[in-house]
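Everything on this sheet refers to the single structure shown next.
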Amino acid sequence: MANLDRLTRLANAVEEQPRALTSSLSAEQVRLVRLQYALPQAIDQQEIYLVYQPIVCVRTDAIVGFEALARWRHPTYGEISPTVFIPLAEENGLIHSLGKQVITSACRQLSQWRRAFPQQPSLSVSVNLSVFQLGQLDLADHLEQVLDTSQIEPQRLKLEITESALIENSKVVEIVLQKLRNLGVQLHLDDFGVGYSALSRLPSLPLDALKIDRSFVANGNWEICEVIRLLTDKLGLNVIVEGVETPTELEILQSLGFQHMQGYFFSRPLPAAAATALLANACASSPQRPTLPGGMSAEIALAS
Ligand code: C2E
Ligand code: MG
Ligand code: MG
């Protein structure tokens with residue numbers, strides 16, 4: 001909290017003596033200080049909300065789940081990216097309460113979808129976890145409680161963790177991962193390939209899937225994508241490709257044997273109501289399994 005106290009004092013000074021201080025700080029530094037200062041209240045007042053990006057199976061055209069992504073609508077600065085406010089929340093310890101809000105709200109949303117679309121019982125929701133949350137021994141207890149309240153089977157919740165969370169090899173993280181495993185939730189390794197890939201540890205980690213970082217697709221690193229797919233086959237893991245933006249990328253990835261994908265080509269992350277409309281549309285066009293309306297081009301149908 002020392003960090004937060006220091007920032008609070010700095011933010012107060014920025015508010016009270018704007019000219020004196022802001023002349024020595026860049027506009028971006030002032031923005032960050034103000035955001036840091038506003039973050040506790042934003043979390044309390046639930047100014048942070050979730051958008052949902054579909055994850056699709058390209059073999060069946062079905063939406064298999066949604067990734068929940070956090071957004072902050074700030075009264076002055078507009079929409080703030082999670083790449084800005086998640087590190088701020090990590091710095092001042094607010095990530096724990098923010099992380100709990102994200103989990104609770106994503107599970108509540110999945111529960112509503114399950115009730116509204118009973119023909120889609122295997123729909124899942126993916127939630128990003130900060131490395132700091134993995135250091136919390138009561139994380140599994142909180143998850144168990146949320147799953148129980150929202151009546152969601154644990155395997156329908158996928159927790160996305162990054163490689164950096166694993167390289168530290170901390171005992172606490174190991175215990176927490178095992179607890180999550182025992183609870184039955186799924187663990188997905190996010191942004192695979194760009195961090196310190198702990199390849200030697202992969203077989204022993206309690207993982208269910210790898211998500212290939214979107215930079216491999218953007219840079220056309222197809223050999224690497226294929227090698228990762230072969231690796232997941234060998235290890236008995238599922239694999240999801242992130243950042244698919246064009247029909248050509250989709251075609252190449254399909255020819256390499258990938259089935260599960262996510263990216264702007266299918267849909268941008270959508271507000272909850274639009275994601276619900278996407279599901280409703282998909283269920284109407286294929287009552288047995290919701291497919292993307294108009295084949296693969298759901299983005300054209302719904303993305304704003
Ligand atoms: P991520 O988990 O890897 O999420 C994927 C990011 O790629 C999202 O950015 C998404 O909007 C973006 N994306 C999806 N498809 C495409 C595409 O086709 N092209 C391009 N260029 N981008 C695409 P977003 O929402 O800005 O999130 C950024 C990162 O912030 C996330 O990366 C995740 O690490 C973190 N994050 C987001 N929400 C949360 C949260 O609730 N908790 C935590 N701890 N981290 C979060
Ligand atoms: Mg993710
Ligand atoms: Mg990712």
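The values are calculated or read from the model by the stated rules, or taken from the named source; none is laboratory data. Model, not experiment: these values are computed from the prediction. Cβ placement follows ideal geometry from the backbone for every residue including glycine, while neighbour counts extend to all protein chains displayed. Note: accessible area is taken over every heavy atom of the protein model, side chains too, but ligands, DNA and RNA are not part of it. Shrake-Rupley method; radii C 1.70, N 1.55, O 1.52, S 1.80 Å.
A few notes on this one:
- Amide N of the range 193-213 lying under 18 Å from the label point, which is placed 7 angstrom from the Cα of GLU174 along Cα→Cβ: 198-207
- When the surface is traced with a 1.4 Å probe over the full set of protein chains, LEU199 keeps roughly 100 Å² accessible.
- Each Lys and Arg adds +1 at its Cβ and each Asp and Glu adds -1 at its Cβ; summed about the Cα centre, the range 19-136 shows a dipole of about 240 debye.
- At R0 = 41 Å, FRET efficiency that the Cβ-Cβ distance of GLU91 and CYS57 yields, to 0.05: 0.60
- Given their separation in residues at 0.36 nm each and the Cα-Cα distance between them, SER285 and VAL84 gain 68.5 nm when the chain is fully extended.
- Protein accessible area in the range 49-303, 1.4 Å probe - carbon and sulfur %: 52 percent
- Restricting attention to the range 49-303, close to 45% of DSSP beta bridges with both partner residues there are antiparallel.
- Cut-off 11 Å, label 7 Å out along Cα→Cβ of THR248, residues of the range 202-227 by amide N: 220
- Residues of the range 185-246: accessible area per residue with a 1.4 Å probe, Å²: 48 Å²
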